[in-house]
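Step one of this worksheet: look at the structure below.
The values are calculated or read from the model by the stated rules, or taken from the named source; none is laboratory data. Since this is a predicted model, take the numbers as computed values, not measurements. Every residue, glycine among them, receives a Cβ derived from its backbone with ideal geometry; neighbour counts consider all protein chains shown. What goes into the accessible areas is simple: the full protein's heavy atoms, side chains included, and nothing from ligands, DNA or RNA. Shrake-Rupley method; radii C 1.70, N 1.55, O 1.52, S 1.80 Å.
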Amino acid sequence: MGGRRESMAVGAALIILAALTACSGAGADEATPTPDATDAAAQIVSIPMPEFAPWPAGDPFTEADIEAARIAEADRDWAGVLMSYPDAVRPEVVFEAYVTDENRVDVMRACYEAAGLPIDEGRTGTDPDSPVDAIGTSTSTVEEAIAAYSCRVAHPNKRTSGPPNAEQLGWIHDYLTEYYGPCLEANGIEVPPAPPRAEFVANWPNQGWFPSVGDHPMAMDAEWDAALAEACVDPDTAIMTGLVDREDG
């Protein structure tokens, strides 16, 4: 809908000058330069967002559903460990508590440090003194992989809703085909033809189509990427920020 998160003025399509012009009686210093990141980001454009129906309400998610989701996520996590270490022995891990946005960094840091794992920090900005808003670890041995798994399973994120239902998936298809995909195309990004709405819904999450930047030459530039994300709002961001209405309020 990932992906991270999901509002722009109408403009002309982005044109990236990627090569020097050939010399035809002119000196090399007269060649047209490739635009830098600032120039490319400044050329990002938007398209008007259609009037979408409110984001449909999800199916009821009970306490039993929450617990089943926690167990299923632990199983998927362990399957990931086995992909790297097929002979690893799954430990018995006691679920301690769900982490929250407020305590996630502190709780996971304490667990990783107690296990002797390296700490990988994500910050809110490029300044090394920016606040830490994400925490992780890297592993290179089976023992480290098991320790990291144990921390994640003891302190998981809490899932409060199930996978998108048919009505929500139909809404996502409408958003992608009527706004998000065309907005990317307006910025010179190739978007493959969308599958029919019913096919998209029936095959989710293996529908094989989702508009993205792909291998666009500016895809790795942070400034350009930020400008595009602001101009072409992905569905997750539109839903989470209230840019579109929700049936559940």
> Scanning for something polar (S, T, N, Q) and modelled with pLDDT of 95 or more, does the range 105-126 turn up at least one residue?
Replying inline: no
>> If A79 meets every condition in (1) surrounded by fewer than 16 Cβ atoms within 10 Å (Cβ to Cβ); (2) touching a Pro at 6+ places or on another chain (Cβ under 7 Å); (3) under 29 Å from N206 (Cα atoms) apart from one, which number is that one?
In response: (2)
> When you go through T139, T177 one by one, which is the residue that is in a loop (DSSP other than H, G, I, E, B) and of a type outside the set (D, E)?
Replying inline: T139
>> Of the conditions (1) open to solvent by 20 Å² or more (accessible area, probe 1.4 Å); (2) on the phi < 0 side of the Ramachandran plot; (3) not in a helix (DSSP H, G or I), I189 satisfies every one except a single condition; which number is it?
In response: (1)
> Which residues, taken from the range 225-244, are of a type outside the set (V, I, T) and open to solvent by 80 Å² or more (accessible area, probe 1.4 Å)?
Replying inline: E230, M240
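The rows are residues; the columns are (1) out of contact with any helix residue (DSSP H, G or I) (no Cβ under 8 Å at 6 or more places or on another chain); (2) surrounded by 19 or more Cβ atoms within 10 Å (Cβ to Cβ).
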position	(1), (2)
L169	no, yes
R197	no, no
N203	yes, no
G208	yes, no
E223	no, no
